[in-house]
Amino acid sequence: MGKDKLLGVISKDVVTVDETVSAYDVACLMRDKDIGIIVVVTDGKVVGVVSERDIARRVVAANRPGSANVSEFMTTDVLSVDFKEGLNKIYQTLLNIKFRHLLIKDGEKLVGITSRRDLLDVLALKK
């Protein structure tokens, strides 16, 4: 697949927050932006992600207050693929991980995010 297909899989509008942001604020941001995942950064470095599933399981179901900091419940086992590795590497990685989202980097710089759904949409257009 060409570069155009690769760009169609990556969302460059990555929403980030600091790890001190509250669960309530993150949930509202997800609602307002109509997204299911937010990247957590500290000093410009990715330190975790927060998904709707994290909020449901680690905040609501755990009876934590909405004031809980993101650092208390974020997923820190964050996987990424370098943009230069191409669509096949992104596809293979998404197939073999338990997460639905994958960060895309250019070296150490975060350049986007993709999901299984994004990839399926692009592959469906190929047919």
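Taken residue by residue, region 86-97 has no member that is part of a loop (DSSP other than H, G, I, E, B) and either in contact with a helix residue (DSSP H, G or I) (Cβ under 7 Å, 6 or more places away or on another chain) or touching a residue at least 40 places away in the same chain (Cβ under 8 Å) (or both).
Based on this model, can you work out whether residue 114 counts as within 14 Å of residue 38 (Cα to Cα) and of a type in the set (S, T, N, Q)?
On the way: within 14 Å of residue 38 (Cα to Cα): yes; of a type in the set (S, T, N, Q): yes.
Spelling it out, residue 114 is indeed within 14 Å of residue 38 (Cα to Cα) and of a type in the set (S, T, N, Q).
Among the residues of region 43-72, those identified as touching a strand residue (DSSP E or B) at 6+ places or on another chain (Cβ under 7 Å) and either exposed (fewer than 14 other Cβ atoms within 10 Å of the Cβ) or assigned to a loop (DSSP other than H, G, I, E, B) (or both) are 66, 67, 68.
With the structure loaded, tell me whether residue 80 is surrounded by 12 or more Cβ atoms within 10 Å (Cβ to Cβ), within 13 Å of the chain's Cα centre (by Cα) and of a type in the set (Ser, Thr, Tyr) or whether it fails that test.
Numbers: surrounded by 12 or more Cβ atoms within 10 Å (Cβ to Cβ): yes; within 13 Å of the chain's Cα centre (by Cα): yes; of a type in the set (Ser, Thr, Tyr): yes.
Yes: the conditions hold for residue 80.
The set of residues in region 90-109 that are over 17 Å from residue 36 (Cβ atoms) and either surrounded by 15 or more Cβ atoms within 10 Å (Cβ to Cβ) or β-branched (Val, Ile, Thr) (or both) comprises 90, 91, 93, 105.
No lab work stands behind these numbers, since they all come straight from the coordinates. Since the model is a prediction, treat every value here as computed from it, not as a measurement. Every residue, glycine among them, receives a Cβ derived from its backbone with ideal geometry; neighbour counts consider all protein chains shown.
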